[in-house]
Structure formats: C-alpha cells, structure tokens
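Working notes, structure below.
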Amino acid sequence: MENLTLKDEEFTGIAEIVKANSGIHLTDQKRTLVFNRLRPRLRTLKLDRFSDYLRLIRERPEELALALNLITTNVTKFFREEHHFLFLKEQVLPLVQARGDIWRAWSAGCSSGEEAYSLAITCWEGLDPKVKWRILATDINTHVLTLAQGGVYPHEAVAHLPAAVIRKYFDTDGETVKVKEFLKGNIWFRYLNLIEPHLPLRSSLDVIFCRNVFIYFTRETQRDILERFHRLLKVGGHLFLGHAESIAIDWQRRQGWVHLGQGVYQKVERNVGP
C-alpha cells in the first residue's frame, strides 16, 4: 500500500467507467484528484493495486456508486452566485400567476442542498401565496443527497445571510442550524443521473438551475443534456448555468435559447432554419 501508484492504463480504465456511468470527463489533469480520492478506499479494502479496484467497480454496482461519490466534486453554498436568485425574484417570480397547475423548478446537481433551499427561500419571499410551487432537487452523489435531505449545516454556512432570514428559515442548535420543516415541504430530493437518455420527469418545468455541472462534461454530453433541458422546459422558461458555463451561439439558434446575460437563458421556439 505504501508504494501504491495509479498507472496509465488504470487511470484510463477508471476514467472510462466514470464517463460511461456519469458523463463526467476526467482529463489527465484530474489524475492526482482520482488517486487522492480513491486511495483511502483501497486502504479500507486492503487492495494493493488500482487494477484490483477497477475490477471491483466493474463487478459491483454498489462499489461503483461509492466510487462516484468519492470522485465527484461538491462545492456549494447558500445563495451562491446571488445574482441568479435576484434575477429569479425580480424578473421571473413577479410574473407567475396563481393557476391550476404547479410552478416547478429543478435544481439539477443540487449537491448538499444549499441551492435547493436557496431556491425555496426565494420562492417563499417572491411568489404570491396563492401560487402552488414545487422544487425537484437531484444529484448523482448519494452521500450529498443524504446531507441535503437532513438539512443540517454548520452555523458558518449561513453566517453570511441576513439575521432575519436565519431566524425565519432555520433552527439554531449550538454550532449547527437546521432547515425548518415548512421550507423542506416543497422540495423533493431524488437520485438522478443527467446522462440518462430519458429523464424520468413527468411534468413540464418553469426553471432549471444546473450550475457548475457542465464544466465536468464533454461538449457532446453538454449538447445532449441541453436538448433534454429544452424539451422539459416550458416555452418562456429559464435555465441558469454557472459563471464559467455557456451555450454556444450556434446551439442557441438550433436548440432554441435566448441569452439574457450572466448565465441566464430563456427557452424559445426552436429555430428550424439552416
């Protein structure tokens, strides 16, 4: 174990199975990350070679799921990229009318839940009380989903929020805060793999947040997922991407997107011209 190394063919094998099962593209620059994230697991299993672990994740789905949990990066915080939530509150929510159906948002790649709860707070603050709304929050990492469902965070995770927001939406218990039950009530946390060809969502969506997820995918995977997002969104619905992500101009025209600035896109009817 002390002489453990990650050989070229071992890294390539791990990268291929990760991409096939999650869409995440591990470039050679991620080699050290993969080594450091998986080494403790090999030590636990008393394995001396990554080739043995590669064989294990090919044979055991539960070990593959654990490996994906270890490899995926989950960096988030409450109201990260705050301008997106301001746009939602000021430009989108005031136009939502009480109606027979439900206003629906999706936090795709919700990590440990801060984004989904930030969306819920924004809806509580910005939507007419008569409007019915729901938030679907999904991730491929089962560990962070468990954290998200629990809704318990260290106090410093909310220290940057206004005191009134903390009092209204969180219960404080020593060094931790817990999301209040009424805020959880409109959120459904679920496991979901974005590269599935047919995403199991039955209702049309008004908003999709998928931020800082595309940076881990190849252009082809990004294009395919954007196609699915376009099908799921209602015409006029909004897609929010991370600050380092964008939709290429030719994709905007072909798929049917209008760029509103700062990672915000709106679905329009598809341009079927040349």
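Readers should treat all values here as calculations from the given coordinates under stated rules, not as data from a laboratory. Note that the coordinates shown come from a computational prediction; the quantities given were computed from them, not determined experimentally. Here the Cβ positions follow ideal geometry from the backbone for every residue, glycine too, while neighbour counts run over all protein chains shown.
Tabulated values for the structure
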item: Residues with amide H under 5 Å from that of residue 260, placed H, sequence gap 5 or more; result: 265, 266
item: Built amide H within the under 5 Å cut-off of residue 176, gap 5+; result: 155
item: Sparse-neighbour loop sites [GluC sites (Glu not before Pro); segment 133-201; at most 14 other C-beta within 10 Å; DSSP]; result: 175
item: Lysine pair number, Cα distance threshold 29 Å (strictly under), segment 1-116, separation 8 or more or different chains; result: 9
item: Phi to ³J(HN,Hα) by Karplus 6.51 cos²θ - 1.76 cosθ + 1.60 over segment 20-26, Hz, x for Gly, Pro; result: 5, 9, 9, x, 6, 9, 8
item: Loop-located trypsin sites (Lys or Arg not before Pro) in segment 75-108, at most 12 other Cβ atoms within 10 Å (DSSP); result: 99
item: Kirkwood Rh and Cα Rg combined as Rg/Rh, segment 142-252; result: 1.04
item: At q = 0.12, 0.14, 0.19 Å⁻¹, base-10 log of I(q)/I(0) for segment 32-161 (Debye sum, equal scatterers on each alpha carbon); result: -0.61, -0.75, -1.06
item: Cα-Cα P(r), segment 8-71, percent of pairs per 5 Å interval; result: 4, 18, 34, 31, 12, 2
item: Debye-sum result for the chain in log10 I(q)/I(0), which assumes one identical scatterer on each alpha carbon, at q = 0.09, 0.15 Å⁻¹; result: -0.47, -1.15
